[in-house]
Amino acid sequence: MDSRSINLRGFAGSAGKNIMQGIGGFVFGNEASESKEDSYVERFLDRISNGTMPDDRRSAMTELQSLVAESRSAQMSFGAMGFPVLLNVLKEDREDVELVRGALETLVSALTPIETSQGLKTEVQPASMNSDLLSRETDNISLLLSLLTEEDFYVRYYTIQLLTALLTNSLKRLQEAILLIPRGITVLMDMLMDREVIRNEALLLLTYLTRDAEEIQKIVVFEGAFEKLFSIIGEEGFSDGGVVVQDCLELLNNLIRNNASNQMLLKETMGFDPLISILKIRRGSAFNFTQQKTVNLLGALHTVELLLMGGPPGETGKDTSKITNQTALAQVPFSPFISFLVDYLITWK
């Protein structure tokens, strides 16, 4: 038997399926657990796992993705039996790029909540339970990170989307797992130098990843985050840029919030010149404040505010860091309007 073959009927009858269907019966009622989607999902998975014709396996993957993207019942059934099959595809079928793309897109669909007009706000989403199942094993996360080094654009793109979906539903578990994986954060940081679409997705992923995670924040900075972020901000047009500038500033602020060591590194490696560039009101745009430009300027002012606050409350050296940052920022030659706002923040802090 081929190494990718899996006895689906045996697995479908295992404890994993019983647990998922038990939860499904409690949350969605018996109708969901007895749905015809269950047999469809099992049939597609059998074709993917045990099929001998590449085209038929790809066709089954496409049909499975469509079903899981549209049906909560199918998402529940997939969670009971689908992960071993698709993870095996990602391990054993790397040469079949189309099949790997389909597997990743299906996994993204399985982790994407489906809203229904009849659904209650208190209902547990199958997508959330699927996220929990996929994130339980560090090996699964390691496998996904390895796909970010593949040459195919869509393989990298869907992998970034999948990791972001996992972070939105299982943040702490993903943060812990990525810290355990050698070069895990390095691989993610490399995505900031990828094509624009993947770079933008990587910004969102890293923003989730660095929330309230001091150790990850330090590693991200060590991997050159400040240089990369200010470079992207400059390429996008500083405060006149679009939502990408906003995303960069949100990630930057995550990295320095209550983190005195990262604040010190920012000051020593980059200085405050990049902040001046963002907060500079350029000729011809002084009275042309679009909503996005306003958001970008507020994001940069929040960076200033975080620097003025220094490290976390109670940390040794917090006052020294705070005073040093205040003194340095007070000497920065901002425009009159921005200087007024910065002086106000210094006085207020």
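The values are calculated or read from the model by the stated rules, or taken from the named source; none is laboratory data. For clarity, every value in this text was computed on a predicted model and none was experimentally measured. Cβ sites come from the backbone with ideal geometry, for glycine too, and all protein chains shown count toward neighbours.
Candidates in segment 63-110 are the residues that are of a type in the set (Ser, Thr, Tyr) and in contact (Cβ under 8 Å) with a residue 12 or more places away in the chain; of these, the one that is surrounded by the most Cβ atoms within 10 Å (Cβ to Cβ) is 77.
In this structure, is residue 202 under 22 Å from residue 158 (Cα atoms), of a type in the set (Gly, Ala, Ser) and within 17 Å of the chain's Cα centre (by Cα)? Yes. Would it be correct to say that residue 79 is at pLDDT below 95 and part of a helix (DSSP H, G or I)? So residue 79 fits the description; yes. In summary, residue 349 fulfils each of the numbered conditions (1) modelled with pLDDT of 90 or more; (2) in contact with a Leu (Cβ under 7 Å, 6 or more places away or on another chain); (3) surrounded by fewer than 18 Cβ atoms within 10 Å (Cβ to Cβ) with the single exception of condition (1).
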